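One structure below.
The values are calculated or read from the model by the stated rules, or taken from the named source; none is laboratory data. These numbers were taken from a predicted model, which means no experiment stands behind them. Cβ placement follows ideal geometry from the backbone for every residue including glycine, while neighbour counts extend to all protein chains displayed.
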Amino acid sequence: FGTDLTVAAPYLFMDSVGSVNYGDIVMVANEDLKILYSTSDNANLDLTFQLSNGANGWMGVCFHEFMFPADCIVAWIEPQTGQAMVWDAYNPGIPTLPFFPAPTQDNNPALMVQGASPLDNQENVIITGSNTANDIITINLQRKMQTGDIFDFQLAPDMQFNIVWAYSSDKVFINEFNAIQPTHTAAGGSRWML
C-alpha cells in the first residue's frame, strides 16, 4: 500500500485478498483499516486496530470464515468520552435474537448457558493502549490464546485459521446488550497463522 510501517515485535501482515508472507511479518488491511497481530510468549494474542480515514468508526475481526457463528472482537472510540472501547463478542447468527445480524458481548444474558463453566461468558479482551492522532485511530488489545470460554475461539502457537475483518467508516457500536448495531462499510476475509 506504499506505506512504511514500523513494528516493535514480529507482526503478521496479510492483504484483504489473501495471505502474503514477508518473513515473520504479516498484515490485514485495505486503504482505511489495518489489523496487526502477534503473540506474546505463546500465551497471548496482541491485536492493533488502526482506522486511518479521518473519522470514528468501529473495527472488528471474527475468528471464522463467516461472520457467524463466530467469536469476534470489536473496538471503537466512544465519541462522548474519547475512551477506547472493546467487546469480547460472539455472533450466533440467530435471526430471532434482537441484535441479529451483529455480534453481542460474550456476557450478554441472551448467551448465558445453565450450568456453564465459570470461564464461559467472560470478557477476555483488554485494552492495552489507544491513541487518536493525525486522523488515525489506534487501539491496542490483548486476549489470552486459551481462555476456556465456550464463546472464544481457542488459539495455539503455529495454528492457521480463517478470519473475517470488517469496519464502519463513520459509525461506532452502541455499548448496550441487544442494540441494533451499525453495519459494516467494508469487510473481507483472510487466513492467519500464529
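Things worth noting here:
- Verdict on Ile127 being buried (at least 19 other Cβ atoms within 10 Å of the Cβ) and either in contact with a Cys (Cβ under 7 Å, 6 or more places away or on another chain) or at pLDDT 95 or above (or both): no
- Apart from one condition, Gly188 fits all of (1) in contact (Cβ under 8 Å) with a residue 40 or more places away in the chain; (2) in contact with an Asp or Glu (Cβ under 7 Å, 6 or more places away or on another chain); (3) more than 15 Å from Gly57 (Cα to Cα); the exception is (2).
- Test: residue in the stretch 11-28 that is under 23 Å from Gln142 (Cα atoms), of a type outside the set (A, V, I, L, M, F, W, C), at pLDDT 90 or above and surrounded by 13 or more Cβ atoms within 10 Å (Cβ to Cβ): no
- In the stretch 148-169 there is at least one residue matching the filter, namely being of a type in the set (Asp, Glu), surrounded by 13 or more Cβ atoms within 10 Å (Cβ to Cβ) and in contact with a Lys or Arg (Cβ under 9 Å, 6 or more places away or on another chain).
- Pair list, Cβ < 9 Å and 6+ apart or interchain, from the stretch 169-183 residues that are within 20 Å of Gly54 (Cβ to Cβ) and free of Cβ contacts under 8 Å to residues at least 12 places away in the same chain to residues that are outside any loop (DSSP other than H, G, I, E, B) and of a type in the set (S, T, N, Q): none
- Candidate set: the stretch 44-82, residues that are surrounded by fewer than 16 Cβ atoms within 10 Å (Cβ to Cβ) and in contact (Cβ under 8 Å) with a residue 24 or more places away in the chain; chosen: the one farthest from Leu33 (Cα to Cα): Pro69
- Residue selected from the stretch 130-143 under the condition touching a residue at least 24 places away in the same chain (Cβ under 8 Å), more than 12 Å from the chain's Cα centre (by Cα) and part of a strand (DSSP E or B), by the criterion surrounded by the most Cβ atoms within 10 Å (Cβ to Cβ): Ile137
- Residue match in the stretch 85-104 (condition: outside any loop (DSSP other than H, G, I, E, B), surrounded by fewer than 20 Cβ atoms within 10 Å (Cβ to Cβ), of a type in the set (Phe, Trp, Tyr) and within 17 Å of the chain's Cα centre (by Cα)): no
- Residue count for the stretch 144-163, restricted to those that are acidic (Asp, Glu) and more than 13 Å from the chain's Cα centre (by Cα): 2
- Among residues of the stretch 112-123 being surrounded by fewer than 20 Cβ atoms within 10 Å (Cβ to Cβ) and under 21 Å from the mean Cα position of the chain (by Cα), the one that is farthest from Thr183 (Cα to Cα) is Leu119.
- Qualifying residue in the stretch 55-65 (condition: under 21 Å from Ile163 (Cβ atoms), at pLDDT below 90, out of contact with any Cys (no Cβ under 8 Å at 6 or more places or on another chain) and not in a strand (DSSP E or B)): no
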